[in-house]
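Read the figures in this text as sums done on the coordinates, not as results from a lab. The structure presented is a predicted model; accordingly, all values stated were derived computationally and were not measured. Note that each Cβ is placed from the backbone with ideal geometry, even for glycine, and that neighbours are counted across all protein chains shown.
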Amino acid sequence: MPLLHDSGTEGDGSLSDWHSWLDQLGRTDLPYQAGQRFSHAGLAIEAAVLGLGVALARLSLVTDYLANGALICPLALSTHTAFRYHLVALPQVAGLPEVMLFSDWLRTEASQTAAVVAHIEPEEKRLRAALNLPPAGVHST
């Protein structure tokens, strides 16, 4: 399958591009340059849904697609990215109902993503052992 690239991640330091993913798996010898490039992660994901190729994506962006069967995880190997998300608010507004509602919604979304991770995790462990790769989150230098 052709590789689909989110051009925004290439060289942004996030470690979310094909080169970084292969590097973290110790496989930079594989070709990764070819394939269609998209200016936004959502476009690359939609191209994958349409069957145009294989995309790398943050799990949080594809949880619904995985749940409804529009996408599958053909190779259950994850790597860490360099970026994190944080919800911050001023102390005087942190307790407002709107902020609490939004925070609760984010926690629900995160727990749904965690459920997908729990579903994929056993296959990832098996695959890492079969390929003699370190456990997820352990990087060899």
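Using a Gaussian network model of the chain in which every pair of alpha carbons under 10 angstrom is joined by a spring, one finds that among Ser39, Ser103, Ser14 the greatest mean-square fluctuation is at Ser103. Among Glu46, Glu123, Glu98, the largest mean-square fluctuation in a Gaussian network model of the chain, built with springs joining Cα atoms closer than 10 Å, belongs to Glu98.
Here the chain is treated with +1 on each Lys and Arg Cβ and -1 on each Asp and Glu Cβ, and its dipole about the Cα centre works out to around 300 debye.
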